[in-house]
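Accompanying notes for the structure given below.
None of the figures in this text is laboratory data; all of them are computed from the coordinates on show. Please read these numbers as outputs of a predicted model, since none were measured by experiment.
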Amino acid sequence: MLIVFMNLIFSFDSILSAIAITDIFILLVIAILSSGVAMLVLADRVTEFLERNRMYEVLGLFILLIVGVVLLGESGTAAAHAMHDDNLQVKLFGYPLIPMSKSTFYFSVAVLFIVEFIQTRYQRKLNRAPKHK
């Protein structure tokens, strides 16, 4: 039941995003229906994978944190620019929050995945190694 509720929330978010991106209604309908079906079909597999590999759950949460920081940085600058008011700039400890470049964001995410992949393989190799007494 919780998965269905989460699917509804994310579907609503997707609908709002899609409305902002396109005016082509049929494309909007196809995207919403296909993403909803994909979430329902893949929910159990993703849950099983995350139960076996808990670190990927933490990795996903950390990526969400990075996305939040990126959005905060971009929103403050965008608001200040749109309203021609530098006081709208988001500040931390008195310093303006400067938007992170997309290349830095993608590089950070790639490094996180590479490190996690290497760590997971190494941990599995250690678990399979014979134990010496």
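Let me check against my output: what whole-number percent is the relative contact order of the range 53-133, with C-alpha pairs under 8 Å and at least 6 apart?
Value for the range 53-133: 29 percent.
Just check the range 24-133 against the gyration tensor rule for me: Cα atoms, a ≥ b ≥ c as the square roots of the eigenvalues, rounded for a/c under 1.5, and otherwise prolate or oblate depending on whether a/b exceeds b/c.
Cα axes put the range 24-133 in the oblate bin.
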